Amino acid sequence: MKREETDRRKKLIKELIESDFYVPMKIKELSMFMQVPKAERNILRELVYEMAAEGEISISKSGKILAAEGALIGTYEAHNGGFGFVVIEGHKEDYYISEENALNAMDGDTVEISRLAKTHHHKSQEAEIVKVIKRAHESIVGTFSIKHKDKAFGFVIPDNEHFTSDVFVAVERSKGAKNGDKVVVKFTGYGDERHNPEGIITEIIGAYDDPGVDIESIVRAYDITEKFPENVENQAIRVAKPVSEADMAGRRDLRDLMMVTIDCEDAKDLDDAVSLYRDGENYVLGVHIADVTNYVQESSALDKEAVKRATSVYLPDRVIPMLPKELSNGICSLNPREERLALTCIMTVNPKGKIISSDICESVIKTNRRMSYNEVQSFFDDTASEELKEECAELIPMFFEMRELSHILREKRRKRGGIDFDFAESKVILDENLKAVDVVEYKRTESAMLIEDFMLAANETVAETCFYEELPFVYRTHESPDMEKIESLRRFVINMGYHFKVSKEGVHPKEVQKLLKEVDGKPEAALITRLALRSMRQAKYTTEPTGHFGLATNYYCHFTSPIRRYPDLQIHRIIKDQLRGRLNDRKYSHYEKILPEIAKHSSEMERHADEAERESVKLKKAEYMLDHVGEIYSGVISGLTNYGIFVELDNTVEGMIRLADIEGDYYLYDEKNMCVNGTHSSKSFKLGQRLKVQVVYVDKELKEIDLVLAEEEEKEDAE
């Protein structure tokens, strides 16, 4: 074949493979698609292999021909059914990966995929994993099980349900682990289609039923570091010195300003204090935040550890702080009647809730008293003891003015469209052996909401100020909801008789707010609120102010918790550089360089911490329900799938009724109308419907609670 003809054919093949409509094919499929005569198919084969050798195209492990450039690389999200999805940044749709096309990829791995010609799974494009580029996990946590009768080997059964293969461990690599021990196993091989992954046990966490081992296993599984390195602890001890005259030099002295901290009873890191007084008809609100950057210098051992952790983690039996306790519970905590360094945001607010002026400054403060939410609420409810009234006599008028301003700020936020997801929260109560003995539901009080309102005002004010001063910055942003989810919510609420306006451009936060107000107090309120929340995107940290949908504001940040969130600490550092005239071109360039990675890492670590917190609470709720098998509860249908009905009990614990366990009919899930219908009867189960259920089985390890239908409550309760 002449060189010109060879080049022409290569060009034709390359153009085809790089075209938008091309789906990866094997050589035989390609020859048929291109209508190459059988006599010339060997020539095509040679051309394809020659192009692959020259790097013009690539050939997958399964023999499919791919474009050399623009490889599809993403993160594999495994599901416990064996299948999974690959999420690629910038791609609107995820790629469905069947079990047989998953190679030996594990949850979280970075993989390269090849699209497949046919799609079977819902609307998702199917693909196969052709290469695992980077492993997400060097080790995992699980339960050691010796299965072989001569005890020559055992397996580690992963705690994480997304890992569907047990890990083979030879007895000499088991570190003496016993049957049922919780262990950390390090991978020595990731297995293949015929072989299990292999590993070596590096740590024995403890026996499955030892106190605290369950939560400790989650801590290890999420690779959350509890113990601080020795050099970090030593540095924290060295810098945690009492406030000196030199420390206070150049700061605004606010020690005579009446101010308090208002927190939960068991809070140890008191990083925000509030003050309020009147100036004519206006309110002068002060939000005073611990100046953590005075003790955590950039690039120090403390700072590097704080960057790495990015956030404190709150679990049912412990708090894993971002900073050592010498700082978080000590010199950076705004303890009563002790001099503390702070960064203060003072806002003058008019009677309509508009902030007409603001001032951000370095300060030295001394709080008058530590208040709990319950104590402040007792004044509002007129249930405070005479002793408490006497002790707080000077402060009580300020508390009532705070409540007044809180209502004004909240109303102003409501008018612009800010959404308030008012969920009842719960706390798992543990005994001295760290066993779950109760699940207590509590609602937000006015005292808690006023602190929330004041922190929101400060965060907004700081973000807007720094934007107009053109400072390099870390914003807290929240994108508009996913249109598909919003449209699904619209269809559902319209079927329930509610109005919900959605345009082609999207939905305005006011529409979501109006919907939540309309359903407030009705039986379906919790359900619709939950569905609305699920339609929202996740908030994140960014270096550009793209707006905050939920708060209906253009500028927002996290400024008020530098003890437990790194973005807040970083913002304090930038503000102080600006206040002290140190934000020169070199510093500006430095921040512009480091902030994108800080924003990205902080967002990732926040999600990581949230997942660990959710998993630990779910586990402890399952543990609590172990003692309540056989009991009957009332609850609300919170979710529906093609295999079961999820019910949230009135104590906030969620369980599932399997469709196969509902007697008298065969039930099918109607995704479009969000209901489950009987095929031979008019029986139907809908989201928000109240049911009476019986707890029949609890698996603490899997965090699953099995329910059966006990008795349906009166239908009008759900309507």
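The values are calculated or read from the model by the stated rules, or taken from the named source; none is laboratory data. Small disclaimer: the values here were computed from a predicted structure and weren't measured. Please note: Cβ atoms are built from the backbone with ideal geometry, for glycine as well, and neighbour counts cover all protein chains shown. Keep in mind that these areas ignore ligands, DNA and RNA; they rest on the heavy atoms of the full protein, side chains included. Shrake-Rupley method; radii C 1.70, N 1.55, O 1.52, S 1.80 Å.
Assorted remarks:
- When both region 639-715 and region 1-52 are represented by their alpha-carbon centers, they are found 55 Å apart.
- Extension gain for MET258-ASN673 works out to 143.8 nm (0.36 nm per residue, less the C-alpha to C-alpha distance).
- Percent accessible area from carbon and sulfur atoms, the chain, protein chains only, probe 1.4 Å: 48
- 4 °C / 1.567 mPa s Stokes-Einstein diffusion coefficient of region 316-425, Kirkwood radius on C-alpha pairs, µm²/s: 75
- Sites ASP279 and LYS522, calculated FRET efficiency, Cβ-Cβ separation with R0 51 Å, nearest 0.05: 0.75
- Rough spin-label spacing in nm, given labels placed 7 Å along Cα→Cβ, for GLU441 and LYS178: 4.2
- Eigen-decomposition of the gyration tensor built on the alpha-carbon atoms of region 569-719 gives equivalent ellipsoid semi-axes of 49, 19, 14 angstrom, largest listed first.
- For ARG45 and LYS304, a Förster radius of 56 Å and the Cβ-Cβ distance give a FRET efficiency of 0.55, rounded to the nearest 0.05.
- Dipole orientation for the chain: of the candidates PRO211, TYR498, THR542, THR542 has the Cα lying most toward the positive pole (charges on Cβ; Lys, Arg +1; Asp, Glu -1).
- Links that overshoot a 29 Å alpha carbon limit, given the list LYS92/LYS501; LYS131/LYS186; LYS131/LYS178: LYS131/LYS178
- The alpha-carbon atoms of the chain define a convex hull whose volume equals 229 cubic angstrom per residue.
- Between 0 and 90°, nearest 10: helix 483-495 axis offset from the chain longest Cα axis: 70
- Between region 568-603 and region 178-207, the Cα center-to-center distance that results, in Å: 42
- Counted charge near GLU401, where neighbours are those whose Cβ lies closer than 14 Å (Asp, Glu -1; Lys, Arg +1): -4
- Karplus-derived 3J(HN,Hα) values for region 405-418, using 6.51 cos²θ - 1.76 cosθ + 1.60 with θ = phi - 60°, are 5, 4, 4, 5, 5, 5, 5, 5, 5, 4, 5, 7, x, x Hz; glycine and proline are entered as x.
- What region 529-650 shows is 43 Å² of accessible area per residue, with the surface traced by a 1.4 Å probe over protein heavy atoms.
- Kirkwood hydrodynamic radius (C-alpha pairs) into Stokes-Einstein, region 192-350, 20 °C and 1.002 mPa s, D in µm²/s: 113
- Test item: Cα-centred dipole of region 652-705, Lys/Arg +1 and Asp/Glu -1 on Cβ, debye: 260
- Full-stretch length increase - HIS91, ASN554 - with 0.36 nm per residue and alpha-carbon distance subtracted: 164.1 nm
- Computed [θ] at 222 nm, helices only, for the chain once each DSSP H run of length n ≥ 4 contributes -39500 (n - 2.57): -9500 deg cm²/dmol
- Label reach from ILE429 (point 7 Å along Cα→C-beta): in region 622-637, amide nitrogens under 14 Å belong to 624.
- Region 509-541 residues near the modelled LYS501 label - backbone nitrogen below 13 Å, point 7 Å along Cα→Cβ: 509-515
- Near GLN235: Cβ cut-off under 11 Å, other residues only, Lys/Arg at +1 and Asp/Glu at -1. The net charge is -3.
- Nearest-ten-degree value, helix 230-239 long axis tilted from longest Cα axis of the chain: 20
- The gain in end-to-end length when the ARG607 to TYR468 segment is fully stretched comes to 47.1 nm, 0.36 nm per residue minus the alpha carbon separation.
- Diffusion coefficient of region 556-607 by Stokes-Einstein, Kirkwood radius over Cα pairs, 37 °C, 0.692 mPa s: 281 µm²/s.
- Accessible area per residue for region 260-401 is 39 Å², calculated with a 1.4 Å probe on protein heavy atoms, without ligands, DNA or RNA.
- Charge dipole (the chain, unit charges on Cβ, about Cα centre) - positive-most of ALA525, VAL86, LEU702: VAL86
- Cross-link reach is defined here as a Cα-Cα straight distance under 12 Å, omitting same-chain residues fewer than 8 places apart; for LYS227 the aspartates and glutamates meeting it are GLU305.
- Annotation: GLU29 carries an accessible surface of approximately 90 Å², with a 1.4 Å probe and no ligand, DNA or RNA atoms counted.
- For region 423-492 and region 288-337, distance of Cα centres in Å: 21
- In order along region 340-354, the Karplus-derived 3J(HN,Hα) couplings, from 6.51 cos²θ - 1.76 cosθ + 1.60 at θ = phi - 60°, round to 9, 8, 9, 10, 10, 10, 9, 10, 9, 10, 7, x, 8, x, 7 Hz, and Gly and Pro are given as x.
- Per-residue SASA remark: TYR669, around 80 Å² accessible (1.4 Å probe; ligands, DNA and RNA not included).
- Seen from GLU161, the other residues with C-beta closer than 12 Å to its C-beta sum to a net charge of -4, counting Lys and Arg as +1 and Asp and Glu as -1.
- Highest average packing first - 630-639, 178-187, Cβ atoms within 10 Å: 178-187, 630-639
- Entry note, the chain: relative contact order of 8 percent, from Cα contacts under 8 Å with a spacing of 6+ residues.
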